[in-house]
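The values are calculated or read from the model by the stated rules, or taken from the named source; none is laboratory data. Remember, predicted model here, so these are calculated numbers, not experimental data. Every residue, glycine among them, receives a Cβ derived from its backbone with ideal geometry; neighbour counts consider all protein chains shown. For accessibility, only protein heavy atoms count, side chains too; no ligands or nucleic acids. Shrake-Rupley method; radii C 1.70, N 1.55, O 1.52, S 1.80 Å.
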Amino acid sequence: MEKKRIAGQKSTEYIKDGMILGLGTGSTAYYMIKEVGAMVQGGMNLKAVATSKSTENLAKEFKIPLVPIDKVDRIDLAIDGVDEIDKEFNAIKGGGGALFREKIVDSLAKEVIWIMDDSKLVDRIGKFPLPVEILPYGYKHVIRKLESYSLNPVIRIQDDKFFITDNGNYIVDLYIGNPININEFYSKVNVITGVLETGLFINTCNRIIVGTDTGVKVIENTLGD
Ligand code: DER
């Protein structure tokens with residue numbers, strides 16, 4: 001966890017007094033949130049929007065002032081984890097089941113930083129099962145459609161029951177296993193009625209912070225320049 005810890009802590013150096021933060025979800029985000037709590041205790045003035053109920057609970061534990069997303073007029077900086085990311089900064093997220101709220105927060109944030117250990121860096125995304133959030137009503141038909149595209153959908157199970165997201169929906173993980181053809185994916189999957197959001201994040205972040213055996217690396221995303 002050392003790699004995740006140093007990445008999470010490093011990311012807090014980009015936080016400025018008065019910011020409204022988007023707090024990500026997951027085991028790397030844990031270290032960032034803990035550090036933000038220490039900053040608040042040290043007098044830092046900030047507010048935060050959580051990307052999941054588990055992050056809300058962590059923020060409360062660390063006494064970080066929370067604000068509902070519809071009560072803020074902006075998000076200055078979103079910091080979140082990632083499951084897989086390639087050199088084009090295309091990523092798979094949603095391993096923790098928070099992809100929908102994470103994508104909303106990331107889409108609103110002026111700046112997005114993703115934090116991770118170096119195991120998340122890949123040449124091409126697609127080996128990590130790609131999460132897709134779907135409506136429970138008619139879910140079997142959505143799964144059938146995904147199967148017809150040979151995307152190997154598996155509904156996510158937790159404690160012997162269907163995993164339910166914070167939004168009350170199901171998650172289907174697509175065991176694609178090889179590089180994703182992004183355009184084909186969007187044209188096929190995103191248009192299926194009942195698919196609400198996917199864990200495919202295209203060139204979303206401004207920089208990544210990676211924990212490695214030899215320390216922490218900051219890699220700027222200059223693709224959009
Ligand atoms: O659900 C997500 O996208 C989370 O950010 C999470 O999957 C990140 O992984 P981590 O727990 O290894 O940080």
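A compact table of results
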{"item": "FRET efficiency, 1/(1 + (r/R0)^6) with R0 35 Å, evaluated for Asp159 and Glu2 via beta carbons", "result": "0.70"}
{"item": "Accessible solvent surface per residue of region 99-225, calculated while the other protein chains remain in place, 1.4 angstrom probe, Å²", "result": "53"}
{"item": "Value of Rg/Rh across the chain [Cα atoms, Kirkwood radius]", "result": "0.97"}
{"item": "Dipole-positive endmost among Ile79, Pro136, Gly94 within region 70-142 (Cβ charges, Cα centre)", "result": "Pro136"}
{"item": "For region 13-28, 3J(HN,Hα) per residue [Karplus equation, 6.51 cos²θ - 1.76 cosθ + 1.60, θ = phi - 60°, Hz, x = Gly/Pro]", "result": "5, 8, 8, 10, 4, x, 6, 9, 9, x, 9, x, 10, x, 6, 7"}
{"item": "Most to least accessible of Met32, Met1 (protein chains only, probe 1.4 Å)", "result": "Met1, Met32"}
{"item": "Rough spin-label spacing in nm, given labels placed 7 Å along Cα→Cβ, for Ala38 and Lys110", "result": "2.6"}
{"item": "Signed unit charges on C-beta, dipole axis of region 101-206, positive-most listed residue Asn203, Ile157, Val191", "result": "Val191"}
{"item": "Over 25 Å (Cα to Cα) - which of Lys47/Lys110; Lys4/Lys93; Lys53/Lys93; Lys71/Lys188 fall in this group", "result": "Lys71/Lys188"}
{"item": "Spin-label pair His141/Lys71, simplified geometry with 7 Å Cα→Cβ offset, distance in nm", "result": "3.9"}
{"item": "About the Cα centre, charge dipole magnitude for region 111-176 (Lys/Arg +1, Asp/Glu -1 at Cβ), debye", "result": "420"}
{"item": "For Val82, distant residues with modelled amide H under 5 Å away", "result": "Ile115"}
{"item": "Pairwise FRET efficiency - Lys60 versus Thr193, Cβ, R0 = 30 Å, nearest 0.05", "result": "0.20"}
{"item": "Computed magnitude of the charge dipole of the chain (debye, nearest 20; Cβ of K, R +1, Cβ of D, E -1)", "result": "320"}
{"item": "Pairwise centroid distance, computed over Cα atoms, of region 166-225 with region 109-156, Å", "result": "8"}
{"item": "For region 122-128, Karplus couplings with θ = phi - 60° (6.51, -1.76, 1.60), whole Hz, Gly/Pro x", "result": "10, 6, 9, 6, x, 6, 6"}
{"item": "Potential lengthening between Asn178 and Asn152 on full extension [0.36 nm per residue; Cα-Cα distance subtracted]", "result": "8.2 nm"}
{"item": "Residue-wise HN-Hα coupling along region 86-96, computed from phi with Karplus coefficients 6.51, -1.76, 1.60 (Hz; x: Gly, Pro)", "result": "10, 5, 8, 6, 8, 9, 10, 10, x, x, x"}
{"item": "Accessible surface of the chain [probe 1.4 Å, protein heavy atoms]: carbon and sulfur percent", "result": "50"}
{"item": "Magnitude of the charge dipole, region 27-82, Cβ model with Lys/Arg +1 and Asp/Glu -1, debye to 20", "result": "160"}
